[in-house]
1. Just the Cα atoms of segment 113-160, one point each, no solvent: what log10 I(q)/I(0) does Debye give at q = 0.20, 0.30 Å⁻¹?
2. Lys and Arg at +1, Asp and Glu at -1: add these up for the other residues within a Cβ distance under 14 Å of residue 174 and post the number.
3. Using a Debye calculation, one point per C-alpha and no hydration shell, please list log10 I(q)/I(0) for segment 153-220 at q = 0.12, 0.19, 0.24 Å⁻¹ in order.
4. Within a 10 angstrom radius of the beta carbon, how do 109, 160 rank from fewest other beta carbons to most?
5. For every other residue with a beta carbon closer than 13 angstrom to the beta carbon of residue 92, add +1 if it is Lys or Arg and -1 if Asp or Glu, then tell me the sum.
6. Would you list 99, 142 from fewest to most Cβ contacts within 10 Å?
7. Starting from the coordinates of the alpha-carbon atoms of segment 81-192, obtain the Kirkwood hydrodynamic radius over all distinct pairs and give the value in Å to one decimal.
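Please treat every number below as a calculation from the coordinates, not as lab data. Keep in mind that what you see is a predicted model, and the values were worked out from it rather than measured. Methodologically, a virtual Cβ is constructed for each residue, glycine included, from the backbone with ideal geometry; neighbour enumeration extends over all protein chains shown.
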Amino acid sequence: MLPHRSNSPTALPGSDCGSRETPKPTMTAVKLLLFVSPVLLLGAPLFQSQGQPSAPAELQAAAPLASPITVIAIRHGEKDKDQQRDPHLSKAGQTRAGDLARLLSSTGVTHLFTTPYHRTRETLAPLAEATGIEISEYSPRDLKAFAASLRALPSDSVAVVCGHSNTTPALVLALGGDIIGLETLRGRPALDETDYDRLFITTLAGEDLPVRTLELRYGD
């Protein structure tokens with residue numbers, strides 16, 4: 001596990017910033033977030049403060065906005081505690097994997113990535129079956145290089161990345177995102193051992209625009 005406590009929470013409408021409880025999304029809500037968050041981010045420079053002149057129309061038209069890359073990072077589902085080495089998912093973990101597939105199967109996912117372990121592959125297996133997208137593996141030991149490869153994906157890509165309690169927050173941070181409510185283990189950020197339902201949507205809009213991360217919870 002790897003931990004770090006971030007500066008400020010990203011609150012969703014109707015949520016309580018002071019609570020760790022994050023709303024569990026419906027498929028419609030996730031679709032809306034995947035569309036609205038980059039629109040708000042990319043559109044921010046176009047809004048003029050009151051009293052300031054707008055840029056000439058030809059100048060505004062000359063700067064088309066690039067489509068962002070969206071990275072959805074999750075931890076694997078609950079694992080079988082009776083298996084010590086490379087465990088498979090438990091029944092609860094299998095149920096959560098099915099919940100994830102129902103949540104994301106119609107949200108425009110283009111890439112699926114897991115670490116080379118049973119529990120991460122099994123977490124994305126139902127989503128891979130539902131979308132027809134092949135799962136690719138990445139090394140959890142070199143997240144800096146993996147983050148760079150995610151930034152190099154084609155514009156408008158939606159990548160789902162399944163990792164572990166330590167690698168999932170570390171990846172979000174490597175992408176420039178921010179997470180609250182992390183533990184600290186051996187000086188590194190990590191999710192709590194009981195946290196299996198946290199889902200992080202990070203929007204990569206380009207070098208000159210800030211990275212944004214929204215957190216949701218899914219499953220039971």
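1. -0.74, -1.16
2. Numbers: positive: 141, 144, 151, 188; negative: 142, 178.
Net charge around residue 174: +2.
3. Listed by q, the Debye log ratios stand at -0.33, -0.79, -1.15.
4. Numbers: 109 21, 160 26.
By the 10 Å Cβ count, ascending, the order reads 109, 160.
5. Values: positive: 79, 81, 91, 96, 119; negative: 78, 80, 99, 122, 197, 220.
Local net charge: -1.
6. Working: 99 17, 142 11.
Going from sparsest to densest Cβ surroundings: 142, 99.
7. Details: mean 1/r = 0.0669 Å⁻¹.
Its Kirkwood hydrodynamic radius stands at 14.9 Å.
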